[in-house]
Every structure is written in structure tokens, then in C-alpha cells.
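Visitor: Questions regarding the structure given below will be posed in turn.
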Amino acid sequence: PLFIRRVKEDLFDFEGKPLFLPRHVQTITFELGTNSPNEKELYNELSKYVANQYNLALSKNKKRNIAFALVILQRRLASSTYALLQSLKRRKQRLQELINNPSSVKPYEVKDIDDIEEMSEEERWEEENEWEVLSAAESKEELKKEIEIIDSLIDQASRIIQNEEEIKLKKLKESLEELSKHVNEQHKRKILIFTESRDTLEYLKEKLKQWGYKVTTIHGGMKLEERVQAEGIFKNETEILVATEAAGEGI
């Protein structure tokens with residue numbers, strides 16, 4: 001009959017000490033324009049591709065199916081250029097398969113977006129993998145034309161990654177270097193990096209290792225015992241944990 005809400009700042013132990021450490025939020029901003037012109041160009045070209053595909057789907061009464069596919073591509077770019085690149089490669093491969101074997105087309109029932117959000121992380125990834133290869137193309141000519149556009153986007157994304165031009169990656173590196181200035185032997189550095197995309201997680205793990213950090217990961221594709229083990233490794237051995245929302249359940 002009685003329900004009481006408390007924010008963390010109001011919680012104290014029996015000695016009057018705060019139960020939680022203070023939290024200071026700082027948003028790091030960046031611009032794609034002058035700071036990262038090639039990323040801005042990729043964003044514009046992807047947006048053009050998305051708009052054209054959406055209009056094509058609209059003309060063929062495939063609005064809902066293709067809309068989901070296009071949302072995935074935009075979410076991938078918001079996560080990282082690498083995540084977009086992997087989605088584009090998978091999309092290209094699927095379209096090429098359709099050219100070689102049109103009979104491989106399988107009907108896909110698009111689920112309600114609310115149902116997707118209720119799925120486990122791994123189940124949602126599987127659904128998104130289905131979405132990201134949906135196309136409005138209905139002929140070999142349309143498929144080949146779409147593949148040409150995807151090839152151009154793949155080239156742009158690959159150059160950005162190869163040259164380490166991605167502004168978010170640069171900001172992350174700068175932030176980690178700044179944090180290092182405020183850490184000494186008495187205060188062990190423990191850093192959590194959350195991301196939505198599994199591709200981004202793998203990409204960040206390799207980049208952080210290249211930068212000299214000790215890293216472990218947690219994601220929805222891991223069994224519970226694997227997550228517990230990874231959490232222990234992070235607490236006792238590594239500096240950084242790169243994780244998806246699956247880690248929030250146990251940390």
C-alpha cells in the first residue's frame with residue numbers, strides 16, 4: 001500500500017555516509033563539418049541513399065519493411081563508422097546473392113518495433129541483421145545499381161577508418177588521455193564504455209588495445225557465467241570494460 005521513491009543522492013548508510021559516489025556529468029560535443037569533412041560527406045551520401053531507397057519502397061508499397069532496414073543503417077552510423085561499414089558489407093553480400101539466385105528471397109514478417117524492444121539483446125541483433133538486408137529492388141538492374149551506391153559508401157567508410165578520421169574516436173582517445181592525468185597508483189583507473197552495436201564493441205576493443213590499454217568486453221551474446229567471469233577480469237586485471245547494455249544487469 002505504500003511506495004517510497006528515493007534518488008541515489010538521498011541514500012546514506014547508518015553512519016550518515018553517502019552510499020553512492022558523486023556523479024558529475026559532462027557532455028563532449030563535436031561537429032562533423034570543419035572537424036571531420038569526410039565523415040560529413042559520408043553522412044550526406046548515406047542520407048541520400050536512405051531517402052532514395054525509402055521513396056522507391058514507398059512507390060512499391062513496401063514502406064514499412066524498408067523503413068526498418070534504413071533505420072538500421074542510420075543507427076549503425078550513429079554508433080560508429082566501422083559499424084556502418086560492416087552493415088554495408090553484409091547488405092552488399094546479400095544483394096549479390098539475390099542477383100545470382102533470385103529464388104533465395106524469403107518472405108520476412110516485420111515485427112512491431114515495441115516487440116523488438118522487449119527482446120533480449122541477442123534476439124534483437126538477429127532481427128536487425130534481417131532488417132539491414134531488406135531492399136526495395138525488384139530486378140537485377142535495380143540490385144546492381146544499389147550495389148554500386150553501396151560500393152561507394154563502403155569506399156568512403158573504409159578510408160575514414162583507415163586514416164582514423166572519425167571524430168568520436170578522436171574525442172574518446174583525448175578523453176582517456178585526459179583521465180590519465182588525474183590517476184595515480186593509489187587510485188586505480190576503471191573505465192566503462194557503453195555502446196549499442198556489437199560491431200562497434202569489437203572495433204573499440206581492438207583500438208583500445210592498440211593504444212596500450214588492457215580491455216575486456218561484455219555483450220548480450222555471452223552466457224551468464226561468461227559475463228560474470230568478464231566482470232571479475234575487469235575488476236581485478238583490466239582498466240577498461242567495453243560493453244553493451246547487457247553489462248548493466250550485473251555491474
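Visitor: Quick check: at a probe of 1.4 Å, how many percent of the accessible area of the stretch 1-90 sits on carbon and sulfur atoms?
Guide: 55
Visitor: Exceeding 29 Å between C-alpha atoms, which entries from my cross-link table qualify? They are K181/K209; K8/K214; K144/K209; K48/K171; K8/K209.
Guide: Listed pairs above 29 Å: K8/K214; K144/K209; K8/K209.
Visitor: Another question about this same structure. Run the dipole for the chain about the Cα centre, Lys and Arg Cβ at +1, Asp and Glu Cβ at -1, nothing else charged, and hand back the magnitude in debye, nearest 20.
Guide: With Lys and Arg at +1 and Asp and Glu at -1, about 420 debye.
Visitor: Treating cross-link reach as a plain straight distance, find the aspartates and glutamates whose alpha-carbon is under 15 Å from the alpha-carbon of K190, omitting any fewer than eight places away in the same chain.
Guide: Straight-distance partners of K190: E177, E178, E231, E237, E239.
Visitor: Given a 1.4 angstrom probe, what's the average accessible area per residue across the chain, in square angstrom?
Guide: In whole numbers, the chain has 65 Å² accessible per residue.
Visitor: Taking every pair of alpha-carbon atoms in the stretch 153-231, give the share separated by more than 22 Å as a whole percent.
Guide: Roughly 35 percent, rounded to a whole number.
Visitor: Taking all pairs of different Cα atoms in the stretch 17-97, averaging 1/r and flipping that mean, what Kirkwood radius in angstroms comes out?
Guide: Result for the stretch 17-97 stands at 15.3 Å.
The values are calculated or read from the model by the stated rules, or taken from the named source; none is laboratory data. Worth saying up front: this structure is predicted, and the values here are computed from it rather than measured. Cβ: placed from backbone, ideal geometry, glycine included. Neighbour counts: every protein chain shown. Each accessible area value is taken on the protein alone, full model and side chains, heavy atoms only, with ligands, DNA and RNA left out. Shrake-Rupley method; radii C 1.70, N 1.55, O 1.52, S 1.80 Å.
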